[in-house]
Amino acid sequence: MTKSQRLFEIYRTGLVILIALLLSLVIILLVSDVPGEAMKLFLTGPLDSLRHFGNVLEMMVPLLFTGLAISVMFSASQFNLGAEGAFFFGAIGAAFIAVNWNLPPVIHPMVAILWGGIIGSVFCGIPGFLKIKWGSSELVSSLMFNYIAYFFGLYLINYFLRDVNAGAMVSYPFAESAKLIRIIPKTRVHFGLIIAALAVVFTAVFLHRTRWGYRIIVIGRNIRFAKYAGINTDRAILLSQVLGGFIAGAGGSIEVLGLYRRFTWQLLPGYGWTGIIVAILARNNPIYIPVAAFFLAYMRIGADIMSRSTDMPNEFVAIIQGLIIILIAASSFLAKQRHKMVVKEAML
Amino acid sequence: MSAFIDIIINPQFGYSVLRVSTPILFAALGALISDKAGVINIALEGIMLMSALTGVIFSAITGSAFFGLLMAVIVGGLVGLSLGYFSLNLKTDVILAAVAINMIALGGTIFVLFLVAGDKGISSSLPSKVLPKINIPGLENIPGIGPIFSGHNVLTYLAFLSVFLIWFFLYKTPLGLRIRAVGENEHAADSVGISVIKTRYIALVISGVLAGFGGAYMSMGYVSWFSRDMVAGRGFIALAAEAMGGATPVGSMLASLLFGFFDALSNSLQLLKIPYEFVSMLPYAATVIGLVIYTIRKTEQIRKIQERAAEAGGA
């Protein structure tokens with residue numbers, strides 16, 4: 001990508017975000033009885049206290065992991081939508097180790113996260129395997145695997161980990177040694193943020209500085225070219241799906257060990273889907289993932305704060321997120337301007 | 001084991017298979033039409049959800065179940081149209097556009113439900129209507145068969161009738177031929193003067209309308225209310241049913257019935273104290289297994305044809 005192309009993409013992304021924000025304000029104006037208050041909370045709520053800003057950073061962690069996971073899987077041009085299930089099931093794997101095992105601190109969460117990651121890689125790896133082996137649509141099978149992960153996970157939690165004395169459908173408490181430490185006082189921001197930062201660096205280096213990453217990207221751009229160039233496409237595709245699943249599963253593990261005392265999810269958390277927006281905003285480039293994750297986390301926390309003290313339900317964010325996907329992924333959006341720019345450059 | 005067999009031979013089980021297959025069948029036919037035109041429509045899930053809510057709201061406002069159904073179907077068609085606009089005009093990848101539509105549907109229906117019913121979970125405060133059930137005279141009195149096939153919701157009959165209608169449409173009408181031509185080879189279709197974009201628009205609208213029927217059935221037949229995420233992956237299962245059915249109307253119907261069988265089984269097995277979560281997993285696991293078996297058979301067939309071609313070439 002040339003420098004001007006990159007600038008153009010930044011301009012395009014900025015414009016989409018502006019349109020999305022304007023649409024949010026229009027929706028607020030139409031629906032809310034106290035639009036001024038609602039808008040103020042939506043836009044500046046996350047900044048009004050350390051605790052709220054901490055919420056944004058906390059929300060970033062799962063989005064960073066699922067965004068990275070999907071970037072890696074989509075880089076090979078595979079529409080594997082299994083990050084959602086891998087995130088959920090990875091978290092359950094970690095919960096088992098956090099509840100049942102006795103390990104020293106530091107080692108305990110490491111083992112749990114590793115285990116969660118392995119489970120995640122199995123879950124995203126199977127659709128990838130079925131694709132390269134028999135050509136079964138990874139799209140359909142990964143969607144099914146999300147539901148399998150969900151129901152099987154609930155089964156495991158409710159029959160093997162459930163604390164019957166807790167009064168709700170939750171697991172036994174995690175061992176103290178398994179939890180991730182808090183890194184910013186007065187907030188719930190945990191060590192997972194640092195692991196996420198490391199994961200960003202690792203994924204960026206892997207995709208852009210290693211032979212395997214290069215293979216994956218070449219496959220994503222043009223699989224026929226990759227085959228002619230002698231790349232073992234099956235192996236590289238499978239690697240990308242397994243690695244993506246690992247990142248998602250580890251992300252789920254980190255989320256539960258960082259924020260909760262027990263496993264409490266009774267629904268799929270939806271981060272796998274939000275991760276798709278993160279990846280699309282970042283154009284599957286790990287370096288931009290933190291920016292995209294921050295933006296989405298900020299918007300969600302803003303909407304949460306707004307819905308707590310006004311009459312606006314926070315679900316309208318889903319509408320905005322959908323619009324962002326459509327516009328960013330729309331290759332003919334601003335295509336005229338891009339054309340003009342290319343022509344202008346050629347004239348110089 | 002005998003309890004298990006008792007469940008399956010009970011006419012009520014047959015009845016419930018047809019009942020739970022209905023929404024999947026509608027959506028599978030929707031998947032079929034768009035697939036024939038060369039577009040994968042994974043927005044079926046979201047369309048069903050939006051139509052389900054639309055049906056509840058408009059039947060509650062007007063007091064007429066059929067008006068609710070009409071609006072649900074119109075909304076389904078409109079969402080299909082907008083998927084066409086995003087993918088064909090704005091050139092958004094059709095899978096991503098559909099993911100976006102599903103996301104908007106999931107959050108948007110909760111948003112609208114809250115505005116209309118004051119609740120984020122269920123529409124029970126709305127006086128919504130249910131589409132009528134039909135008893136078939138004569139048939140209903142035949143023991144063993146009557147209880148299975150009679151007394152279903154009007155949409156269940158329409159769904160199975162649609163299998164024939166869609167077959168007729170795709171294989172016996174000029175527009176159906178154009179749709180198949182565009183999906184088979186868009187350049188060839190284009191070269192003989194078929195507008196690829198227009199044909200795909202039509203296919204996506206029909207696909208949306210069919211999913212709209214499925215969604216309306218969910219909230220005005222299957223149950224009598226709307227609840228968040230009530231479609232629960234049926235739109236995705238329908239995609240798998242269509243693929244497993246070999247992209248034919250009758251095949252899609254048989255695959256939908258198979259998923260319906262597992263879905264009904266999962267409802268019945270709960271009576272046998274088999275864990276609910278485990279049983280709920282069945283239709284999805286069956287889908288993956290079915291899909292894999294189908295694709296293995298297909299790759300085997302292709303391999304055999306290639307071998308035969310190689311032999312013929314060698315001789």
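The values are calculated or read from the model by the stated rules, or taken from the named source; none is laboratory data. Small disclaimer: the values here were computed from a predicted structure and weren't measured. For neighbour counting, all protein chains shown are included, and Cβ atoms are generated from backbone atoms with ideal geometry for every residue, glycine included.
Scanning the stretch A:251-267 for residues that are under 25 Å from A:F145 (Cα atoms) and part of a helix (DSSP H, G or I) returns A:G251, A:G252, A:S253, A:I254, A:E255, A:V256, A:L257. Residues in the stretch A:195-217 that are of a type in the set (S, T, Y) and either closer than 17 Å to A:L114 by Cβ or in contact with a helix residue (DSSP H, G or I) (Cβ under 7 Å, 6 or more places away or on another chain) (or both): 1 in all. Considering each residue of the stretch B:263-274 in turn, at least one proves to be surrounded by fewer than 20 Cβ atoms within 10 Å (Cβ to Cβ), assigned to a helix (DSSP H, G or I) and free of Cβ contacts under 8 Å to residues at least 40 places away in the same chain.
Condition first: touching a residue at least 40 places away in the same chain (Cβ under 8 Å), of a type in the set (S, T, N, Q) and closer than 26 Å to A:F152 by Cα. Can you find one or more residues in the stretch B:206-223 that meet it?
Scanning the stretch B:206-223, I find no residue that is touching a residue at least 40 places away in the same chain (Cβ under 8 Å), of a type in the set (S, T, N, Q) and closer than 26 Å to A:F152 by Cα, so the answer is no.
Only one of the numbered conditions (1) hydroxyl-bearing (S, T, Y); (2) modelled with pLDDT of 85 or more; (3) more than 16 Å from the chain's Cα centre (by Cα) is not met by B:S256, and that is (3).
All of B:G146, B:G77 fail the test of being modelled with pLDDT under 85 and not β-branched (V, I, T), apart from B:G146.
Against the list (1) touching a Pro at 6+ places or on another chain (Cβ under 8 Å); (2) under 30 Å from A:L50 (Cα atoms), the condition A:A175 fails is (1). For the stretch A:150-189, the set of residues classified as assigned to a loop (DSSP other than H, G, I, E, B), away from chain B (no Cβ under 14 Å) and aliphatic (A, V, I, L, M) consists of A:A168, A:V170, A:A175, A:L180, A:I181, A:I183, A:I184, A:V189, listed by residue number. From (1) out of contact with any Ser or Thr (no Cβ under 7 Å at 6 or more places or on another chain); (2) farther than 28 Å from A:E176 by Cα; (3) at pLDDT 95 or above, pick out the condition that doesn't hold for A:I118. Among (1) out of contact with any Ser or Thr (no Cβ under 7 Å at 6 or more places or on another chain); (2) farther than 28 Å from A:E176 by Cα; (3) at pLDDT 95 or above, the lone unmet condition for A:I118 is (2).
Residues of the stretch A:235-259 that are of a type in the set (D, E, K, R) and closer than 14 Å to A:V218 by Cβ: A:R235 alone. Whether any residue in the stretch A:66-83 is touching a residue at least 60 places away in the same chain (Cβ under 8 Å), more than 27 Å from B:V292 (Cα to Cα), assigned by TED's automatic domain parsing to the domain that holds A:N222 and not in a helix (DSSP H, G or I) is what I want to check. So far as the stretch A:66-83 goes, no, none of its residues is touching a residue at least 60 places away in the same chain (Cβ under 8 Å), more than 27 Å from B:V292 (Cα to Cα), assigned by TED's automatic domain parsing to the domain that holds A:N222 and not in a helix (DSSP H, G or I). The test for being surrounded by 15 or more Cβ atoms within 10 Å (Cβ to Cβ) and either away from every other protein chain (no Cβ under 14 Å) or among the small types (G, A, S) (or both) holds for A:G192. Scanning the stretch A:130-140 for residues that are modelled with pLDDT of 90 or more and either buried (at least 24 other Cβ atoms within 10 Å of the Cβ) or facing chain B (nearest Cβ under 7 Å) (or both) gives a single hit, A:L130.
Count of the stretch B:94-153 residues, restricted to those that are within 14 Å of chain A (Cβ to nearest Cβ) and at positive phi, is 1. Scanning the stretch B:48-82 for residues that are of a type in the set (A, V, I, L, M, F, W, C) and closer than 19 Å to A:A329 by Cβ, we see that the one that is farthest from the other protein chains (Cβ to nearest Cβ) is B:L81.
Among the residues of the stretch B:245-254, some residue qualifies, meaning at least one is polar (S, T, N, Q), surrounded by fewer than 20 Cβ atoms within 10 Å (Cβ to Cβ), more than 13 Å from chain A (Cβ to nearest Cβ) and not in a helix (DSSP H, G or I). Here is a check on your reading of the model: is A:N165 out of contact with any helix residue (DSSP H, G or I) (no Cβ under 7 Å at 6 or more places or on another chain) and more than 18 Å from B:A240 (Cβ to Cβ)? Against the criterion (out of contact with any helix residue (DSSP H, G or I) (no Cβ under 7 Å at 6 or more places or on another chain) and more than 18 Å from B:A240 (Cβ to Cβ)), A:N165 qualifies. With respect to the conditions (1) within 13 Å of chain B (Cβ to nearest Cβ); (2) at pLDDT 90 or above, A:V291 lacks only one, and its number is (1). Scanning the stretch A:330-342 for residues that are touching a Lys or Arg at 6+ places or on another chain (Cβ under 9 Å) and either surrounded by 24 or more Cβ atoms within 10 Å (Cβ to Cβ) or more than 7 Å from chain B (Cβ to nearest Cβ) (or both) yields a count of 4.
Every test in (1) touching a helix residue (DSSP H, G or I) at 6+ places or on another chain (Cβ under 6 Å); (2) away from chain B (no Cβ under 14 Å); (3) without any contact (Cβ under 8 Å) to a residue 12 or more places away in the chain is passed by A:P313 save one, and that test is (2).
Name the residue, out of A:I97, A:I119, that is in contact with a His (Cβ under 8 Å, 6 or more places away or on another chain) and assigned to a helix (DSSP H, G or I).
A:I97 is the lone residue from the list that is in contact with a His (Cβ under 8 Å, 6 or more places away or on another chain) and assigned to a helix (DSSP H, G or I).
Kindly establish whether B:Y85 is in a helix (DSSP H, G or I), within 14 Å of chain A (Cβ to nearest Cβ) and aromatic (F, W, Y). Answer is yes for this residue.
Selection of first residues in the stretch B:136-147 that are over 10 Å from B:Q12 (Cα atoms) and of second residues that are part of a loop (DSSP other than H, G, I, E, B), restricted to Cβ pairs under 6 Å at least 6 apart or on distinct chains, gives the following pairs, ordered by first then second residue: B:I136/B:S150; B:L139/B:S150; B:E140/B:S150.
On the given criteria, is B:R308 within 14 Å of chain A (Cβ to nearest Cβ), surrounded by fewer than 20 Cβ atoms within 10 Å (Cβ to Cβ) and of a type in the set (K, R)?
no
The condition of being crowded, with 18+ Cβ neighbours inside 10 Å, assigned by TED's automatic domain parsing to the domain that holds A:L268 and without any contact (Cβ under 8 Å) to a residue 40 or more places away in the chain does not hold for A:V164.
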